[in-house]
1. Reported to two decimal places, what Rg/Rh ratio describes the range 325-475 when computed on Cα atoms with Rh from the Kirkwood expression?
2. Please list 3J(HN,Hα) in residue order for the range 356-366, calculated via the Karplus relation 6.51 cos²θ - 1.76 cosθ + 1.60 where θ = phi - 60°; whole Hz, with x for glycine and proline.
3. Could you give the Stokes-Einstein D for the range 703-753 in µm² per second, using the C-alpha Kirkwood radius, 37 °C, 0.692 mPa s?
4. P(r) tail for the range 270-521, what percent of Cα pairs lie past 32 Å?
5. Rounded to a whole number of µm²/s, how large is the Stokes-Einstein D of the chain at 4 °C and 1.567 mPa s, given Rh as the Kirkwood radius over C-alpha pairs?
6. Can you compute the modelled spin-label distance between residue 283 and residue 591, with each label point 7 Å from Cα toward Cβ, in nm?
7. Working from the alpha-carbon coordinates of the range 22-253, get Rg over Rh, Rh being the Kirkwood radius.
8. Under Stokes-Einstein, with the Kirkwood radius over Cα pairs standing in for Rh, what whole-number D in µm²/s applies to the range 183-256 at 20 °C and 1.002 mPa s?
Amino acid sequence: MTATKPNNQHDAGTSLLGLLSATVPLLLFIGLCYLWPAVVRGHAFECQWPWIQSLDLYLQFRLDGLSLLYCLIITAAGFFVSLYSSSYMAGHPQIGRYFAFLNAFMISMLGIVTANNLLLLFVFWEGTTVFSYLLIGFDHESNLARDNARQAILITSAGGLALLMGILLLKAAGASFTLSDWVTAGDQIRQHALYPAIFTAVLLGAMTKSAQFPFHFWLPNAMSAPTPVSAFLHAATMVKAGIYLLMRFHPLLGGTQLWMTTLVIIGGTTALWGAIQALAPSDLKRVLAYTTMMALGILTMFLGGQTTPALTAATTFLLVHALYKASLFLAAGSIDHQTGTRQLDRLGGLWRAMPLTATAVTAATMSMAGFPLFFGFIGKEIMYKGALTETVFPVFATTAALLSNALMTGVGGTILLGVFFGSRPTALAGVCEVPWTMRFGPSIMGGLTILFGIFPGWITTNLVQPAVLAFHPTREGIRLQLFHGFNTPLLLSVITLTLGGLVYLTRNQLRNGVALLGQRLPVTSQRIYQFCLDLFTRTAETVTRGLQNGSLTAYLTVIVLCMAATVGWPWIGSAAATLRLPMFNGSMEAVGLVLVIFTATVVVVTAKSPLAAICGLGGVGAGVALIFLVFGAPDLALTQLMVETLTVIIVSLVLPRLPSLKNAKKRPMLHRIMTAALCAVVGVLITSLLMGVTQSPLDRSLTAFYESKSYLAAHGRNIVNVILVDFRALDTLGEITVVILAAWAGIALIRKPKERNPCNPSS
């Protein structure tokens, strides 16, 4: 009996578009290999182009040891994933959109790790957020995919806003936007009063991106994305953006008690919780997601240290995890593609049906478990050495690393033995091996876990050491070896494998226990998120029902109140002590015009007939125009007069169509008092703003520019006309367009509608 293919998969051979897409990361990888030797020797490649010169901002990029390590991981994983997707996604009706999103995400990720400017890094940071949202929700017809994509973008976007706040606070503290300038700025920032706020903001950005506790829950839910996307985003690249951020900020913010304590506790908690939760699910991708969460916690915990072994352990495990986890994710996709299921209880005995995939999974799981001769064994050795040398909480760090690794060993055994060994279910009788494009990536990365384990010296010299020195300059030797002798880390590795075996033997009991724990917990991060989301939705509905009530008066009141609150509150507070009432030295004509305007305003407010209101409105506009004329602004006076004349004409045509003022319903006194108070507040606000502008020293740089360029560049003697027609021609065109549209709408309002003839439908 042949296994049923999943509904969202399209088995249509190999996509040429996928093969072409794979050439982009391949060419980038080859280019990086060309620059690799110089970076290993300590050279950093930099380039910049003008960006926003008025703010002294440039498009700055830098490639050093740390950037190189990340770029190699990103491009290599991008190549394998694109090649894999050429078969996995072949025949999908939206395959072009898929590869466009995938390459856009890869470029954004490369931008993060090569940006030498904080604001540029933030732009690419948000780029990864947007494109990961599109990739997670790629199956947009699925409600689950849409909900999980929304959850991911809400969590990571909130972290992005926190990161932006940290960047701005850094600038306020005197730090440069250029990352390469931070080498000597660490002491200044760590002693600054804003340091706790800066650290908190940056940490929130890293925690949300790298799924640290308590923001971890979005990562397992993001497994609704296509499996190649999960391998690329959630194993090798995006979730490690937060780790990269902590590495880059380590010279600037690291070394304090706050930094070390917070990162060790958060990282250790995330690692333990992820490892425990990995025991419960039966979905293969979800199991791998929790193991990724565990690895991210381990990386964060070691970045809290200040010793060279701890930071070397973080850098080494970064590479170890990228290799085995990407291989496992792609293999999980191959299993799902051929069998139609990812449920562990429905799989088994696939070794003979999929021998090459099984071999790749064996290498990856052995590396994850930390067996000798595998790169994961070296990673665990240096991990335990780093934990023992932690500056704060070394016992906690060592215990967290030991228990997490033991649980991962048991999970690895469950994946390997449960999927490929034992009896094969009847429904999987017709399963066969996947195409070579889907085997190539897992096989190469699985093979590298063995090759790097046998030759760790080359990895130390060419990858790990340059990366560590990029954010932690040290003279202490960095060395990875397959065998360091009989020491404490080796003993801990033996204990890890022993405990891992016990975890595998008791996996069913542990699974039931973890499931029961999840049910009994009164509060979880997922429930808190859902509560906050529901609260936000209910609040928005309540506010909308209160404001969108169909009353134009209510709309205008809200708009005016918001303007007064947002503009007036900070302005009045700062200007109350400095504003002075201006002394009047003008003519008596101006005094008379002010009295005319005031009288006309009273007529408009108290008018009982439309004609009186129109006359009063015209008197206000004419009085203002005459004031402009008295004070030597004839152009402005003429414009004001024309606008007021047109306004009076339109109002004269529209007002007779409105209900009579005599029959208008009297509003309650309280409402009239509140309206009058609101008008008074707005009047005081506008008056104070005008006084503040007139009493402030004028910046004449722009005036001098117009005076010097009006005649020479525009050949005009009237500066106002030159500004309107030449320098601000597009603005003037827009204003004309608005006036025309307003006139069009006015004509539509004043036109008398034609009476319809019920006997003639065409009328």
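Derivation of every value follows stated rules applied to the coordinates shown; laboratory data play no part. Bear in mind that the values here come from a model prediction, so they are computed numbers and not experimental data. Positions of Cβ are generated from backbone atoms using ideal geometry, with glycine treated the same way; all protein chains shown enter the neighbour counts.
1. 1.06
2. 6, 4, 4, 5, 5, 5, 4, 4, 5, 5, 5
3. My calculation gives 257 µm²/s for D.
4. Here the tail beyond 32 Å accounts for 21 percent of pairs.
5. 42 µm²/s
6. In this crude label model, residue 283 to residue 591 measures out at 8.2 nm.
7. Ratio of gyration radius to Kirkwood radius for the range 22-253: 0.98.
8. Values: Rh = 13.6 Å.
D = 157 µm²/s.
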